[in-house]
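Accompanying notes for the structure given below.
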Amino acid sequence: MNHLIRNILKVVTVGLMSTSMLLTGCQSSENADPITRSNLKLGTLVGITIHDSQDTQLFNILFDRLDAIEQHMSLNIKTSEINAINASAGIEPVQVSEDTFEVIQSSLHYGDLSKGAFDSTIGPLVTLWGIGSDNAKLPSQAEIDTKLPLIDYNSVILNIEDKTVFLPLQGMALDLGAIAKGYAADEMYRILDENKVNSAVINLGGNILVKGRKVDNTPWRVGVQNPFDTRGAYIGVVSISDQTVVTSGIYERFFELDGQRYHHILNPATGYPVNNNLASVTIITSKSIDADAYSTVLFASGLEAGLELANGSNEIMAIFVTKDKKVYVSDGVESIFELSDNNFILQ
């Protein structure tokens with residue numbers, strides 16, 4: 001087990017324990033024995049807890065589905081469809097599964113929505129920086145300049161009938177890391193729904209999606225990540241039902257050099273980490289794939305533009321935490337959010 005995997009296990013295990021305590025600490029005696037299972041998938045520790053069923057066979061279905069998604073979309077699996085697309089860049093289109101095609105389509109939609117701030121062709125820059133791996137480094141400007149022409153989501157060619165994907169320039173590379181976990185969480189929700197599960201919690205390494213309400217018919221209370229602390233530490237809670245909570249921020253993956261922190265959310269226009277006053281953005285909405293993408297989009301957009309985007313949408317609510325520990329919320333959040341950490345100030 002390498003250094004990166006050890007760190008992932010350490011961080012997300014803490015996060016799952018903390019979130020589990022918060023989510024289940026007020027359970028009714030109507031269901032004293034929820035069933036739970038966790039496993040390492042999609043580069044993170046996935047935890048699923050079911051509160052109104054004792055059918056443990058459901059976990060086999062759920063984790064088999066996660067396996068299929070991982071086999072298609074993981075850059076860490078040499079035979080994945082994403083790696084096949086990237087290896088064929090500038091050469092030929094690659095036929096892919098419905099899963100991969102749908103997620104790539106969604107990623108291009110968010111590229112349009114964010115005017116390029118969200119760009120799934122960011123792969124060459126992600127590899128160059130190596131943030132989150134043992135090979136993290138500060139690239140030279142010359143190295144960055146060679147990669148920038150390869151970053152262009154608008155150039156991705158999709159064939160809907162044949163389900164093929166083509167990257168027109170050699171060296172281009174897709175990276176679905178900012179959206180695939182959300183898609184996977186939504187698939188877990190769909191399977192639970194098809195199997196008549198009405199009360200459950202899905203945790204994909206901090207991407208939280210809740211099914212229904214708790215067994216005592218009260219909303220779930222989900223922690224909002226503290227961006228200045230380890231995974232699982234929270235600044236407050238939101239009360240939700242049939243919704244998802246996803247946070248992106250400077251705490252997730254980063255390295256420090258000469259007193260400067262370089263985080264993993266890269267600006268496709270400059271090639272450097274997004275540089276603004278935000279420490280994190282938390283999204284609350286009904287679909288986890290949307291929350292995954294929007295958390296990146298709004299973080300990259302900055303506080304003012306991000307708030308405007310959130311308030312202009314009927315689909316999402318957002319919580320912004322700045323580097324000076326101020327908390328800003330979009331319309332509707334105050335009715336479901338309770339700030340509990342006195343180190344932060346709600347604006």
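Out of the residues in region 129-176 meeting the condition of being touching a residue at least 12 places away in the same chain (Cβ under 8 Å) and at positive phi, tell me which one is surrounded by the most Cβ atoms within 10 Å (Cβ to Cβ). Top of the filtered list is G132.
The set of residues in region 271-310 that are without any contact (Cβ under 8 Å) to a residue 24 or more places away in the chain and over 20 Å from the mean Cα position of the chain (by Cα) comprises E304, A305, E308. Screening region 311-332 for residues that are touching a residue at least 24 places away in the same chain (Cβ under 8 Å) and crowded, with 19+ Cβ neighbours inside 10 Å and picking the one that is nearest to G182 (Cα to Cα) gives I316.
Of the residues making up region 106-128, those that are surrounded by 17 or more Cβ atoms within 10 Å (Cβ to Cβ) and of a type in the set (S, T, N, Q) are S106, S107, S114, S120, T121.
Summed over region 63-103, residues that are closer than 14 Å to I191 by Cβ and out of contact with any Lys or Arg (no Cβ under 8 Å at 6 or more places or on another chain) total 5. Among the residues of region 243-278, those that are crowded, with 22+ Cβ neighbours inside 10 Å and of a type in the set (A, V, I, L, M) comprise V245, V246, I265, L266, L278.
Looking across region 235-264, the residues that are at pLDDT 90 or above, in a loop (DSSP other than H, G, I, E, B) and within 18 Å of the chain's Cα centre (by Cα) come down to D242, Q243. Looking at region 207-232, which of its residues are in contact (Cβ under 8 Å) with a residue 12 or more places away in the chain, in a loop (DSSP other than H, G, I, E, B) and more than 17 Å from the chain's Cα centre (by Cα)? Selection gives R213, K214, V215, D216, T218, P219, F228, D229.
Being buried (at least 21 other Cβ atoms within 10 Å of the Cβ), under 22 Å from D99 (Cβ atoms), polar (S, T, N, Q) and modelled with pLDDT under 95 is the requirement here; does N207 meet it? In short, yes. Annotation: S80 fulfils all but one of (1) closer than 17 Å to L42 by Cα; (2) in contact (Cβ under 8 Å) with a residue 60 or more places away in the chain; the unmet one is (2). Say we look at region 57-98 and pick out the residues that are among the β-branched types (V, I, T) and in a helix (DSSP H, G or I); which of these is farthest from K181 (Cα to Cα)? Out of the qualifying residues, it is I85. Of the candidates Q141, Q225, the single residue that is outside the structural domain of K287 (by TED's automatic domain parsing), within 25 Å of Y272 (Cα to Cα) and not hydrophobic (A, V, I, L, M, F, W, C) is Q141. If you check I50, I35 for being assigned by TED's automatic domain parsing to the domain that holds V210, modelled with pLDDT of 95 or more, among the hydrophobic types (A, V, I, L, M, F, W, C) and surrounded by fewer than 19 Cβ atoms within 10 Å (Cβ to Cβ), only one passes: I35.
The values are calculated or read from the model by the stated rules, or taken from the named source; none is laboratory data. Fair warning: this is a prediction, and the values are worked out from it, not measured in the lab. With ideal geometry, Cβ positions are generated from the backbone for all residues, glycine too; neighbour counts draw on all protein chains shown.
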